[in-house]
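For reference, the structure is listed below as structure tokens.
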Amino acid sequence: MSAWREGLVVPLRRDGVAVETIEGEVLLYDARQARAVYLNPTGAVIWGLCDGIRSVADICNALREAYPDAASLPAHVAEALSSLKESGFVHFD
């Protein structure tokens, strides 16, 4: 089983990303790529937890405390992190 599937990879926000909160949503902007991404409140929490210390499993556990009834939480976290990685806003150690 891969480290990603086991939740062992550690996401880290990429340096140089500007962050702005607009009407409860977070806007990420990367001037080098001329790319912007809006995050909903859950996406913003996931982004905030990408500190280079917490693994994907740790992020799921932190969110599970806030959303105990979310059965598909790991899939949503994986989807959000994959999107942030594809957009160049996070990388994995």
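Read-outs: derived from the displayed coordinates by stated rules, not from any lab. Just so we're clear, the structure is a prediction, and the values are computed from it rather than from any experiment. FYI the Cβ positions are ideal-geometry reconstructions off the backbone, even for glycines, and counts take in every protein chain you see.
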**Request:** Would you work out the charge dipole size for segment 9-93 about its Cα centre, treating the Cβ of every Lys and Arg as +1 and the Cβ of every Asp and Glu as -1, and quote it to the nearest 20 debye?
**Result:** 220 debye
**Asked** Which ³J(HN,Hα) values in Hz, rounded to whole numbers, follow from the phi angles of segment 56-68 under the Karplus curve 6.51 cos²θ - 1.76 cosθ + 1.60, where θ = phi - 60° and Gly and Pro get x?
**Response** 4, 4, 4, 5, 4, 5, 5, 6, 4, 5, 7, 10, x
**Message:** Counting only Cα atoms, I'd like the Rg/Rh figure for the chain, Kirkwood definition for Rh.
**Reply:** 0.96
**Request:** Per DSSP H run of n ≥ 4, the term is -39500 (n - 2.57); total these for the chain, divide by its residue number, and report the mean residue ellipticity at 222 nm rounded to 500 deg cm²/dmol.
**Result:** -12000 deg cm²/dmol
